[in-house]
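The structure appears right after this line, and notes come after that.
The values are calculated or read from the model by the stated rules, or taken from the named source; none is laboratory data. Just so it is clear, the structure is predicted and the values come from calculations on it, not from any experiment. Positions of Cβ are backbone-derived with ideal geometry, glycine not excepted, and every protein chain shown enters the neighbour counts.
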Amino acid sequence: MSAHLESSEIQRLAAELLGGREISDFAIGFIHNMKATEESIRAVHAVLTELGLSEEKIATYAQLLGRDPETIQRNYGNLRRIGLSEEKIATYAQLLGLDPETIQRNYGNLRRIGLSEEKIATYAQLLGLDPETLQRNYGNLRRIGLSEEKIATNAHLLSRDPETIQRNYGNLRRIGLSEEKIATYAQLLGRDPETIQRNYSNHIGLLGGRECGRSILTTFASLLGRSPDGFTATFQHLAYIDRQGGNGNAPIYEKNPILLGTTSAKQREKMAFLLREIYDYRKLGSDEKKAAIKGVYRLVSDNPQLLACSIPTLERKVDAIRRKAA
């Protein structure tokens, strides 16, 4: 019967099997605690190689070398039956070393929640969670007000730290989002709480801190996911449009708040299209071009929905837009 290997022997054998690659101290300690032998390590390495894992991937998840080949083979078979491709299994190779009952239990729970096999394969990392953590997160999301369908759509939230979700939920409620709105924009619950707060502070500051600005951010809650730089660039561009073509009425962002979620580059692209197709910019003289530029600013300021349209939509509406611009 082969003797259990000491840490230095594990390191030496791993380097031999993995082309000189070093493995982590955690992996060495795990393999040692599993009382692995040279024969068992070589057998597991052979299985992992046969399953398609590269030496680099095995080195990354070297703790797998401390498992027994039967567990790895059983997990591989279960994951393939669940619907994971060979590539997906290689990406989440750590699943091969888990207790097979854990994977089966999580799979059953996820199916009961409403996740399809395709969704489970997409979020394969959920199969490796502690089943109690998975259930606790599911319960928390249901108490917050998310339906089973919404949880299935935002399955990544099941793997988030429960404290992060609770903190984001509390912050979003304090900002003024209703439970229904939070459920609609459930992806915000998985963001870094400091990021959400920083985005809100930046955005509300640009919007003047007024009730109108707060209403925009709570109604169009996806804006809370926009970075300060992106939001600021868009806000400044819209403000420039108001200065160039506004008629003193409400700012363009109040007339069409959804524009705050688009990029200034896309807005400029659409204005360039309008200049070409509505004002025949290329055929104009210098003085006429200045008037056309002024005209396009006035056009989009009065009709901000044009900046929310795609270029193909604008192409279909050219005749109607020309009548507006006349």
Scanning the stretch 284-303 for residues that are under 38 Å from the mean Cα position of the chain (by Cα) and hydroxyl-bearing (Ser, Thr, Tyr) gives Tyr297, Ser301
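If you go through the stretch 54-100 one residue at a time, how many are of a type in the set (D, E, K, R), surrounded by fewer than 19 Cβ atoms within 10 Å (Cβ to Cβ) and outside any helix (DSSP H, G or I)? It would help to see each step written out before you state the result.
Of the stretch 54-100, the ones of a type in the set (D, E, K, R) are 55-57, 67-68, 70, 74, 80-81, 86-88, 99.
This time we only want the ones that are surrounded by fewer than 19 Cβ atoms within 10 Å (Cβ to Cβ), so: 55-57, 68, 70, 74, 80-81, 86-88, 99.
Then keep just the ones that are outside any helix (DSSP H, G or I); that gives 68, 99.
Number of matching residues: 2.
Quick one: how many residues across the stretch 134-145 are in a helix (DSSP H, G or I) and either at positive phi or in contact (Cβ under 8 Å) with a residue 12 or more places away in the chain (or both)? Talk me through it step by step, then tell me what you get.
From the stretch 134-145, those in a helix (DSSP H, G or I) are 134-144; that's our starting set.
Within this subset, residues satisfying the condition of being either at positive phi or in contact (Cβ under 8 Å) with a residue 12 or more places away in the chain (or both) are 134-138, 140-141, 144.
The number of residues fulfilling the criteria is 8.
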Before we move on, is Ala291 on the phi < 0 side of the Ramachandran plot, of a type outside the set (S, T, N, Q), part of a loop (DSSP other than H, G, I, E, B) and modelled with pLDDT under 95? no
Give me the pairs, please: first residue somewhere in the stretch 74-95 and acidic (Asp, Glu), second residue anywhere and at pLDDT below 90, beta-carbon distance under 7 Å, and either six or more positions apart or on two chains. Glu86/Gly52
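Matching residues to (1) modelled with pLDDT of 95 or more; (2) in contact with a helix residue (DSSP H, G or I) (Cβ under 7 Å, 6 or more places away or on another chain); (3) surrounded by 15 or more Cβ atoms within 10 Å (Cβ to Cβ):
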residue	(1), (2), (3)
Thr234	yes, yes, yes
Gly245	no, yes, yes
Glu254	no, yes, yes
Asp280	no, no, no
Taking the stretch 223-250 and the residues there that are among the small types (Gly, Ala, Ser) and touching a Leu at 6+ places or on another chain (Cβ under 8 Å), the one that is nearest to Thr195 (Cα to Cα) would be Gly225
The lone exception for Glu269 - which of (1) modelled with pLDDT under 95; (2) surrounded by fewer than 17 Cβ atoms within 10 Å (Cβ to Cβ) it fails: (1)
Answer yes if at least one residue in the stretch 28-51 is on the phi > 0 side of the Ramachandran plot, small (Gly, Ala, Ser) and part of a loop (DSSP other than H, G, I, E, B), and no otherwise. no
